[in-house]
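Structure, as structure tokens:
The values are calculated or read from the model by the stated rules, or taken from the named source; none is laboratory data. All values reported here derive from a predicted model rather than from experimental measurement. Cβ atoms come from the backbone with ideal geometry, glycine included; neighbour counts cover every protein chain shown.
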Amino acid sequence: MNNVVVVTRTKDRPNLLKRALSSVHAQTYKDFVHVVINDGGEQSAVDNLVANMSKDERERIKVIHNVASSGMEAATNKAIKSVESKYVAIHDDDDTWHDEFLERTVKHLEAQDVMGVVVRTNKVIEEVLEDGSVKHHKTTHWMPHIKAINLYRQCIDNQTTPITFIYRREVFSEIGYYDEDLPVLGDWDFGIRFLQKYDIDYLDPGFALANYHHRKFVPGAEGNTSFAGNDKARYYTNYLLNKYLRQELAEGRLGVGYIMSKLRYDESKLAQMANKMLPGFITSKVKKRLGN
């Protein structure tokens, strides 16, 4: 049994997948199995990329082809369940790690009595050009204000973006797997359920151990799911707020669902007030996040 399973979800993004494969297999820590799950995309492109890797690299890869797309979270669960491991990490096909990500995070998990760890991360703004190459625009610190991972903050901001997060497989027995009914926001929901049971450490060695890549204005397969489906994200944000709150009301209590709804409501009201007072200073980013 390998110590870590690394899951890469992909569909029709061979240029980005090639970069992700390099990122995973450049890790200084080698006790991992890399499950690449092609969720309904063209198969030969994935197989050709893997075939061109070294023998040692190929021995660490397991490829799963879904003939038809099952959805992001169903694909994640299928990949995780296909192998045994002590730890789980998700490295999507459009993101990258520092080559010491696994070495440092596994060392931390094995030294500390904690169920998961999130690392300092960079936000990389890039563009996919017509020839398929990727042009770098800017790199900044992703969520620079985050110094600790807490449940209250998770109720409105996802601190457990997949590329930043590694955790113990045993959590599934308590909180379940990723919600396959969610086409988006599955990692946010998983983080909320995780933090209701367990602590997550924040690891900052003085530099970023992960890179969260953004291609905000790219349409189609090579866009970011967090940007390409804003209407869907708004719909499922409301879905989750209602789901958690209804469950608590049915149980005669208020908890995380109330906090999620109250924070979202207060933030929306604050943005509306600021928009009336200083309409030229409310950025499109804030408006889009709040659904205004």
Which of the residues belonging to the range 1-31 are modelled with pLDDT of 95 or more and among the hydrophobic types (A, V, I, L, M, F, W, C)?
VAL4, VAL5, VAL6, VAL7, LEU16, LEU17, ALA20, LEU21, VAL24, ALA26
Based on what the data block shows, is THR139 β-branched (Val, Ile, Thr) and either under 13 Å from the mean Cα position of the chain (by Cα) or crowded, with 16+ Cβ neighbours inside 10 Å (or both)?
no
Being touching a residue at least 24 places away in the same chain (Cβ under 8 Å) and either among the acidic types (Asp, Glu) or closer than 21 Å to ASP187 by Cα (or both) is the filter here, so list the residues in the range 34-63 that pass it.
HIS34, VAL35, VAL36, ILE37, ASN38, ASP39, GLY40, GLU42, GLU57
Mind checking whether some residue in the range 114-134 is surrounded by 14 or more Cβ atoms within 10 Å (Cβ to Cβ), assigned to a helix (DSSP H, G or I), basic (Lys, Arg) and modelled with pLDDT of 95 or more?
no
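Residue-wise test of (1) surrounded by fewer than 20 Cβ atoms within 10 Å (Cβ to Cβ); (2) of a type outside the set (Asp, Glu); (3) closer than 19 Å to ASN122 by Cβ; (4) modelled with pLDDT under 95.
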position: GLU42; (1), (2), (3), (4): yes, no, no, no
position: ASN52; (1), (2), (3), (4): yes, yes, no, no
position: ALA75; (1), (2), (3), (4): no, yes, no, no
position: ASP94; (1), (2), (3), (4): no, no, yes, no
So, in the range 239-292, exactly how many residues are assigned to a helix (DSSP H, G or I), at pLDDT 80 or above and exposed (fewer than 10 other Cβ atoms within 10 Å of the Cβ)?
1
Taking the range 191-224 and keeping only residues that are among the β-branched types (Val, Ile, Thr) and at pLDDT 95 or above, one is left with ILE192, ILE200
Tabulated pairs, the range 173-195, first buried (at least 16 other Cβ atoms within 10 Å of the Cβ) and of a type in the set (Lys, Arg), second outside any helix (DSSP H, G or I) and at pLDDT 95 or above, C-beta under 8 angstrom, 6+ apart or interchain
ARG193/GLY176
